[in-house]
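Student: Questions regarding the structure given below will be posed in turn.
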């Protein structure tokens, strides 16, 4: 019903407006008596074969919602009813910011993809924490953190540190988002020496807390083999929990959408089916060349159970969806989990 009716209607309107409209609708639906119980009965699957233990956390199932969908943690309690094993909120920055000018989110329907240049639009750290205080503990929560657009390079680490310290009591793991193509000074955020400095500072801050929270690095799908080797080396040196592979891509190779339309959209990160194979190859390379030395959360182009199994067979321990959730609907989570039980 979702693809035939609901999606066909929603896709007639601006994607960003639809995103927030859907949030409002879901908020209303889950205020109806018994709606939560009905949704969880339909979408959620509990089975021992789905359970995963990774970096000290126990996941009921390995299918998560990627960062960017619920930036401000306003809908995670409701989204948990669709059967996710974990939900990643953010990217959050210390101060609220509007992000890039609209229009900044575009559908590539013939490619089952999205292009976004949102620019870390979010309500800021204070608002996010206020929302996380309403956590009903239905699902594991990851905190994806970044820097404000106007922050000077000398103060990047301070932005991440502020987010890390403030969010520590409210999330189960952290993700350092250093690979979004829609932020300024992207080069510094991918420099190995700077990443080592950033990670070491987060680990130092983590040691100040009684409970240690896992730290992961979110990487781009456009890295070459030398850069991936540097990531493997970096994780071995810093001993963080692992990586999320991958973020959105700046490449436009192999698209079915006419070139003129793609060029009219302009810059931004490409997600969905067009980057599926590229992300899978990154996962496979990291897993093979590190000898499975660290955890990998696989994301990028997962629109079916087969896509998720492909990521896991390539070396992913967990998977996340975002664009696939938009195109395929909430039943995608259940389909993936059923396939994992039956494989």
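The values are calculated or read from the model by the stated rules, or taken from the named source; none is laboratory data. None of these values were measured; they are calculated from a predicted model. Counting neighbours? That spans all protein chains shown, and the Cβs are built from the backbone with ideal geometry, glycine included.
Student: Determine whether segment 51-71 contains at least one residue that is more than 16 Å from the chain's Cα centre (by Cα), at pLDDT 95 or above, farther than 12 Å from residue 172 by Cβ and in a strand (DSSP E or B).
Tutor: There is at least one residue in segment 51-71 that is more than 16 Å from the chain's Cα centre (by Cα), at pLDDT 95 or above, farther than 12 Å from residue 172 by Cβ and in a strand (DSSP E or B).
Student: Same structure, new question: Within the set of pairs 6+ apart or on separate chains, which have a first residue in segment 250-279 that is free of Cβ contacts under 8 Å to residues at least 24 places away in the same chain, a second that is surrounded by fewer than 20 Cβ atoms within 10 Å (Cβ to Cβ), and C-beta atoms under 6 Å apart?
Tutor: Final answer for the pair search is 252/262.
Student: Check segment 227-237 and report whether any residue there is modelled with pLDDT of 95 or more, in a helix (DSSP H, G or I) and within 17 Å of the chain's Cα centre (by Cα).
Tutor: No, because not a single residue in segment 227-237 is modelled with pLDDT of 95 or more, in a helix (DSSP H, G or I) and within 17 Å of the chain's Cα centre (by Cα).
Student: Residue 214 versus (1) touching a residue at least 60 places away in the same chain (Cβ under 8 Å); (2) in contact with a helix residue (DSSP H, G or I) (Cβ under 8 Å, 6 or more places away or on another chain); (3) within 15 Å of residue 173 (Cβ to Cβ): which is the lone unmet condition?
Tutor: Only one criterion in (1) touching a residue at least 60 places away in the same chain (Cβ under 8 Å); (2) in contact with a helix residue (DSSP H, G or I) (Cβ under 8 Å, 6 or more places away or on another chain); (3) within 15 Å of residue 173 (Cβ to Cβ) is unmet by residue 214, namely (2).
Student: Are there any helices (runs of 4 or more DSSP H) wholly within segment 304-343 with 2 or more residues that are surrounded by fewer than 19 Cβ atoms within 10 Å (Cβ to Cβ), and if so which?
Tutor: Values: elements: 305-314, 323-328, 331-342.
Here the list reads 305-314, 331-342.
Student: Continuing with this model, one more query. If only one of 103, 58, 109 is surrounded by fewer than 18 Cβ atoms within 10 Å (Cβ to Cβ) and closer than 23 Å to residue 211 by Cβ, which one is it? Before you say what the answer is, go through the steps one by one.
Tutor: On the way: 103 fails: closer than 23 Å to residue 211 by Cβ; 109 fails: closer than 23 Å to residue 211 by Cβ.
The match here is 58.
Student: What are the pairs with Cβ atoms under 9 angstrom where one residue, in segment 322-340, is at positive phi and without any contact (Cβ under 8 Å) to a residue 12 or more places away in the chain and the other, located anywhere, is crowded, with 18+ Cβ neighbours inside 10 Å and part of a helix (DSSP H, G or I)? Sequence gap at least six, or different chains.
Tutor: Every condition considered, no pair remains.
Student: I would also like to ask the following. Among the residues of segment 280-299, what is the count of those that are without any contact (Cβ under 8 Å) to a residue 24 or more places away in the chain and either closer than 18 Å to residue 175 by Cα or in contact with a helix residue (DSSP H, G or I) (Cβ under 7 Å, 6 or more places away or on another chain) (or both)?
Tutor: Of the residues in that region, 0 qualify.
Student: Go through segment 186-222 and give me each residue that's in a loop (DSSP other than H, G, I, E, B) and either modelled with pLDDT of 95 or more or more than 21 Å from the chain's Cα centre (by Cα) (or both).
Tutor: 191, 207, 208, 209, 210, 211, 212, 213, 214, 220, 221, 222
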